[in-house]
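The values are calculated or read from the model by the stated rules, or taken from the named source; none is laboratory data. This structure is a prediction, so every number in the text was calculated from the model and none was measured. Cβ placement follows ideal geometry from the backbone for every residue including glycine, while neighbour counts extend to all protein chains displayed.
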Amino acid sequence: AAPGVRELMPYLPGKPISELEREYGVTDSIKLASNENPLGASPLAIEAARAELDDVWLYPDANGFHLKQALAKKHGVPVEAITLGNGSNDVLVFLAQAFLQPGLEAVFSQYAFAVYPIATQMVGAKANIAPALPADHATMPLGHDLRGLFHRVGNDTRLVFVANPNNPTGTWLSGERLKDFVGSLPPHVICVVDEAYTEYAESDTLGDASTWLEEFPNLVVTRTFSKAYGLAGLRVGYALSNPGIADMLNRVRPAFNVNAPALAAARAALDDHEFIAETRRVNSEGMRQLSEGFEKLGLTVIPSAANFLLVGFNRSGAELNEALLKRGVIVRPVGNYGLDNYLRITIGTRKQNERLLAALSEILQ
Ligand code: PMP
């Protein structure tokens, strides 16, 4: 294997539901494991994807003309600022391919999204990881420490990855502080602000980094259709940046990386404002329901601005996960992040949340 590849920590996806149900002898399980939208996708998006199936012998539009037009309008940026990805995971990899190499570094936080170390190491670059804020931090336990990140940035740094909010912690940074951080970075460093969960943020504290693009030529903002837009299975995400950076990203982007049903669905999903509003409403209510439920059970709940909660226990998350699986509840253990006594739980519908809380309460008795 190429240098660094053998040392990669593989991304750990869950098993398919049908396989888990067979293994644990359950039916009718609920999946609160992958931060998917419990409402599904916008009906407009599904219809648009279906219509494209009639034409699947044709290659998709390699430049995603219509989707890019709509995104340019949504964000008030030129189409040249956009790089489309097969999920935002794809554009994170393009960033590493275009800007890192052996001898160079990416800086990010402990407990940051698992794809940052994978993308960094796959091109032979070094991951320079800043410790997260401590678990007993007063306001943002396990959150990103901007000062710590800043101190890691050096001559060999080319990328800094910051997820706002972050996965798997759900923690966030105020837009004001994050903007100051981006402005403080030297010009040879690109700051990637990953806004995969931004639609869920309940207050405007987090800001919208896409509105800072004109000010910072070294800023890249990534977004996805996998979460609030409910299109995880179709794989569409994108990066916004200055056109010079987008040009480099598009040079490494494989032609036709986003398929035709996905392009059409994403384009249609952008117009369904009602669906996003309902998604946000269900998430806010579910967040309250679950936080209260977890606190009643005496558990530690890490503050979250996303569609999931990181929950701390006084015992192993892997064991609790097994017990939940036996009850048909699929959540995400996060031992691979070094968070052994935690589970990451996606906020579901009211009924799903009730079922999860009932199962947990039974297990913890
Ligand atoms: N960034 C963050 C912070 C995420 O949690 C995820 C999904 N787990 C992604 C990016 C990538 O998602 P996708 O490739 O589906 O857009």
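Take Leu213 and tell me if it is out of contact with any Gly (no Cβ under 7 Å at 6 or more places or on another chain) and not small (Gly, Ala, Ser). Considered against the rule, which asks whether it is out of contact with any Gly (no Cβ under 7 Å at 6 or more places or on another chain) and not small (Gly, Ala, Ser), Leu213 comes out as yes.
In region 305-325, the residue that is surrounded by the fewest Cβ atoms within 10 Å (Cβ to Cβ) out of those that are touching a residue at least 60 places away in the same chain (Cβ under 8 Å) and more than 17 Å from Gln352 (Cβ to Cβ) is Gly312. Within region 76-92, residues that are assigned to a loop (DSSP other than H, G, I, E, B) reach partners that are more than 7 Å from the ligand (Cβ to nearest atom) with beta carbons closer than 6 Å, at six or more positions or on different chains, in the pairs Val77/Leu240; Asn86/Asn257; Asn86/Val258.
Hey, can you tell me all the residues within region 31-69 that are touching a Ser or Thr at 6+ places or on another chain (Cβ under 9 Å) and over 20 Å from Asn86 (Cα atoms)? Residues satisfying the conditions are Lys31, Leu32, Ala33, Pro38, Leu39. Selection within region 242-260: residues that are within 16 Å of the ligand (Cβ to nearest atom) and touching a residue at least 40 places away in the same chain (Cβ under 8 Å). The member of this set that is surrounded by the most Cβ atoms within 10 Å (Cβ to Cβ) is Val258. Only one entry of Val77, Val26 meets the criterion of being at pLDDT below 95 and away from the ligand (no atom under 15 Å from the Cβ), and that entry is Val26. Among the residues of region 83-90, is any more than 16 Å from the ligand (Cβ to nearest atom) and either under 21 Å from Phe161 (Cβ atoms) or modelled with pLDDT under 95 (or both)? Looking for residues that are more than 16 Å from the ligand (Cβ to nearest atom) and either under 21 Å from Phe161 (Cβ atoms) or modelled with pLDDT under 95 (or both), one finds none in region 83-90, hence no. The criterion of being in the same structural domain as Trp212 (by TED's automatic domain parsing), out of contact with any Leu (no Cβ under 9 Å at 6 or more places or on another chain), of a type in the set (A, V, I, L, M) and farther than 26 Å from Thr211 by Cβ holds for Ala255. Out of the residues in region 212-240 that are over 17 Å from Asn89 (Cβ atoms) and touching a strand residue (DSSP E or B) at 6+ places or on another chain (Cβ under 9 Å), state the one that is surrounded by the fewest Cβ atoms within 10 Å (Cβ to Cβ). Among those residues, the one meeting the criterion is Pro217.
For region 209-223, check the following and say yes or no: at least one residue is in the same structural domain as Phe94 (by TED's automatic domain parsing), free of Cβ contacts under 8 Å to residues at least 24 places away in the same chain and within 14 Å of the ligand (Cβ to nearest atom). Scanning region 209-223, I find no residue that is in the same structural domain as Phe94 (by TED's automatic domain parsing), free of Cβ contacts under 8 Å to residues at least 24 places away in the same chain and within 14 Å of the ligand (Cβ to nearest atom), so the answer is no.
Could you please let me know if Ala132 is in the same structural domain as Pro217 (by TED's automatic domain parsing), within 16 Å of the ligand (Cβ to nearest atom) and either surrounded by fewer than 17 Cβ atoms within 10 Å (Cβ to Cβ) or not in a strand (DSSP E or B) (or both)? Taking the combined requirement at face value, the residue satisfies it.
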